Amino acid sequence: MTSIPITKARSILPKIFSDVFLKHKRVIVERYGHERVAIVPMSDLEAMERWHKKIAQAADASFNKTDKRIPWDKVKKELGL
């Protein structure tokens, strides 16, 4: 994955779009030295959205199968929060 500062991205935006669309590259745009956004092909975004929907459906189905509830304090403790 390529990472570029936003100042450079502005000047080469048409090239970035071509690389993303035609070569299926992913580009990370940085601002003040921090990664802020990613430009990805639509096919990647659609795949991520399908994956997210499947995970959410599986989580809902799993949650609905049990009446067992875990106290929030216990969850936080197990996650180290």
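The values are calculated or read from the model by the stated rules, or taken from the named source; none is laboratory data. Here the structure is a predicted model, which is why all the values come from computation and not from measurement. Virtual Cβ from ideal backbone geometry, glycine too; neighbours counted across all protein chains shown.
Values for this structure:
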read-out: Exclusive hit being among the aliphatic types (A, V, I, L, M) and at pLDDT below 90, set MET48, MET1; value: MET1
read-out: Odd one out for ALA9, checked against (1) aliphatic (A, V, I, L, M); (2) surrounded by 13 or more Cβ atoms within 10 Å (Cβ to Cβ); (3) not in a helix (DSSP H, G or I); value: (3)
read-out: Matching residues in the stretch 15-52 - criterion: being within 15 Å of PRO5 (Cα to Cα), surrounded by 15 or more Cβ atoms within 10 Å (Cβ to Cβ) and of a type in the set (Asp, Glu); value: GLU30
